[in-house]
Structures are given as C-alpha cells and as structure tokens.
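Engineer: I'd like to ask you about the structure that follows.
The values are calculated or read from the model by the stated rules, or taken from the named source; none is laboratory data. In this text, all values refer to a predicted model and were calculated from it rather than measured experimentally. So basically every Cβ, Gly included, is an ideal-geometry build from the backbone, and we count neighbours across all protein chains shown. Just so you know, the surface numbers come from the protein's heavy atoms only, side chains and all, with ligands and any DNA or RNA stripped out. Shrake-Rupley method; radii C 1.70, N 1.55, O 1.52, S 1.80 Å.
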Amino acid sequence: MSAPAPTGTPRTDTATGAAGSSANRWPVLLCWLAVALDGYDLVVLGAVIPTLDKTGALGFTAASLTTAATIGLVGVGIGAVAIGPLADRFGRRITLISSILLFSLLTLAIAAAPSMEVFIALRFLAGLGLGACLPTALAFMSEHAGDRRSGSAMTRMMTGYHVGAVLTALLALWAIPRLGWEAMFVVGGLAGLAVVPLMWAKLPESHAFVAASKVERARPVEVVRGRFLLISLGLWVASFMGLLLVYGLNTWLPKIMSEAGYSLEGGIGLLLTLNVGAVIGLYAAGRIADARGNKSTVLLWFAVAGVMLALLSIRIDSTVVVYAAVLLTGVFVFSAQVLVYAFVGHLYPARVRGTALGMAAGVGRVGAIVGPSLGGALVTAGIAYPWGFYAFTVAAALAFLALLTVPAHAPADAGSSASRG
C-alpha cells in the first residue's frame, strides 16, 4: 500500500528550519496542544488518587489504585509501540488525529464509570490512544524543525506536556473539593474533543514523511539492525529510566511527601512546582542541546537529576528550601527524558523515525509502569520516604550509564537520510 497523499503539505523545506511562516505555525501549535493533552493525563490520576483512596469511591483501595495506574500505562505502552509502523506507513497527520479522538472519548467515559472494574478498563483503552499520541507528535516536530533546531523545537513542544500537568494540578486544587474527582476526566475528555476539528482543518502532513515515502517504504526492523541495535538498546534503557522517573514522581510525589510530614495540600503544591520546573528546564535544555550537542547535554541533565533526587531524601524544614529543591528537580528530571527523544530523532533516518520514536516511547512506557508500581509498593510497605527517592536516584544513574554507550552522531553507514547534523 502506498502512502496517502499529503494534506496541506508545507512548501518550505523543513531541513532549512523554515517554520516561521504563518502556515507553518499551525503544526507547532497543534503538536504543542497534543502533548499538553498528554501532560494533562500524566497528572490526572495522581491528582485524584488521594481522594479516591480517602473516600473509597467505586470501591478503590490503595492496592487497586496501583492496579489502575499500572493498567492504564500498559495500554499506553502498547499504543506507543504499535503506532510507530502505522505512522511511518500512513503518515503523521491521520495517526495523530485518530489517537487524540480515541483517548479523549474514553477519558470522558471514565467520569461515568459505574464501578472500579469499568474505570480500570477504560483507563487501559484510553491508554492505547494516549500512547500513540506522543511519539507521533515527536516524529512530526523533529521533521518539521529540521537539523539545526530539532533539540529546541522538540523541547519547546514538550513544554506543552508540563503546562498540561501544571494546569491539571491547579484545576485539581479547585475542582476536586467542589465538583468531585469526576470533573477532572470530563475536562480532559472535552479538551481533547475540542482540538480534533482544529487539527483536521489545519494540520498538514509532515514534509519529510512525504519525501521519504516516495523514495522507499519504511522497514521497522532497521531500528534493531547493524549499528542501530546498540544505539537502540542504549536509548531504550535511558527512555525506560526517564519515564520511570516522570511517572513515578507525578503519580506518588504528593503521597510520598505527605508521608514525610508535609500536608496533602502541600504535596499537590509540590507536584505543581515539579512541573513548573519541568517547563523551565525544557527551554534551557533545548537551547543547550542545539548549541552543545544532544549527548553531552542529556548526560549532564541525568547526572544533575540524580543529585537532586538524592537531596530530596533529606527532610527539609524550610518551606522555601523544599519548594526550591523540588523546582530544580523538575528542571532536570523531566527535560532529561525529552532530550532522549530529541536524541532518537537525531540518530535515525526519516523513513523509520516514527518507528524509532515509537519503540523508544513504548519501552519507556514500561518504565512508566514500573515507576508508579514501585512507588505504590513502597507506599504500601510504609517506606516510600526516603526509599522512593533512593530508587529514583538509581534510575537516573542507570540512564546516565546507558547513554554513555550511544554515539553522538548517526552511524556513517546509515545513509544520507539518517544523517541529520
């Protein structure tokens, strides 16, 4: 089957980074909105877990809440791995729109779940669409930005991820006490449905995808052949550890900090602060990666992230200092993970870039399952503080070691299409 004809394909050459025209601003905005929806979903369960645990709504217990967090991420992981070959075959545009439509409808349905079992099943199904969204948007933006600005373009786009998370935390502080936990899923679902028609009207097909599909058909097995095998393994380990940190912290930080003696409201405030730090870190990380290179930047980011996580294991009496420490943790932890994605986009040719990003995101989503599961196990055992932060520190160190094995540039024999700088 041949690739579909492009819809509204930009006339500018993306390799020049010419994304400044009026027409080309739409992909930037729409991909940003797509990952903002993903960011909303990242935090929404963590924001409602304390309420569901306290009230026992739908029959939830601490153990079943861990199951809900885990099974949703299983769906996300399956969706991320499955979508890569489809995005490389049928295009970024229709894949991204379809994924947003799917997870938005199912997220909206969660608000009306009549039982714990239905809630968990809907989280799994919504995860399939959600998992497809991020790698597709990343592939699109990597190709749209071109070589010289891919790092900053992808990190700027990923600010949407954490803006969505910040807005979720803010909304949770206001909405849950007044409207109930269900309102959080209603808002998320309706927001996604509002984006779909705009995306249908304004999102073009990726220029690089169209060009690559005219030359040769994607071969997904390329991401694990030859020199790409070791590259993929190193990046997968880093993605696994990076998303373990992102999801582990966003799901359990309020609960862990409450065990450390901070108030529940203070824990949600720290969750908000963590994601504000992420937005700040993304702007800095992208600029530094474009100027200094992806590898050196991502290594630095994981190293500092590990140090900050270790420091959080120390009980801090000063409110100002603890908020500052959490802010700095967010600056380095979350942008480190995004730099892994930028690194993936830099090392693989366009014909398999969607598959490579999907595989990295999919393996990473396994880490996203392990992170909340690990946090839940430590909470259940009553040792989440400080051992949760010790475990997260080890994860950052393992990501650092894995990335040491990855070359700074695409293999010389990958062909001209693989070389992006």
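Engineer: Pull up the range 174-187, narrow it to residues that are open to solvent by 10 Å² or more (accessible area, probe 1.4 Å) and in contact with a helix residue (DSSP H, G or I) (Cβ under 6 Å, 6 or more places away or on another chain), then point me to the one that is modelled with the highest pLDDT.
Structural biologist: 183
Engineer: Could you list all residues from the range 59-98 that are outside any helix (DSSP H, G or I), without any contact (Cβ under 8 Å) to a residue 60 or more places away in the chain and open to solvent by less than 30 Å² (accessible area, probe 1.4 Å)?
Structural biologist: Initial filter on the range 59-98 (outside any helix (DSSP H, G or I)): 60-61, 91.
Next, from what is left, pick out any that are without any contact (Cβ under 8 Å) to a residue 60 or more places away in the chain: 60-61.
The answer is 60, and nothing else.
Engineer: Within the range 268-279, can one find any residue that is open to solvent by 60 Å² or more (accessible area, probe 1.4 Å) and in a helix (DSSP H, G or I)?
Structural biologist: no
Engineer: Can I ask one more? Out of all the residues in the range 296-313, is one or more modelled with pLDDT under 90, under 27 Å from residue 48 (Cα atoms) and open to solvent by less than 30 Å² (accessible area, probe 1.4 Å)?
Structural biologist: yes
Engineer: Can you find a residue that is open to solvent by less than 30 Å² (accessible area, probe 1.4 Å), at positive phi and outside any helix (DSSP H, G or I) anywhere in the range 146-168?
Structural biologist: yes
Engineer: Moving to a separate point now. In the range 210-226, which residues are out of contact with any helix residue (DSSP H, G or I) (no Cβ under 6 Å at 6 or more places or on another chain) and either surrounded by 13 or more Cβ atoms within 10 Å (Cβ to Cβ) or modelled with pLDDT of 75 or more (or both)?
Structural biologist: 210, 211, 213, 219, 221, 225, 226
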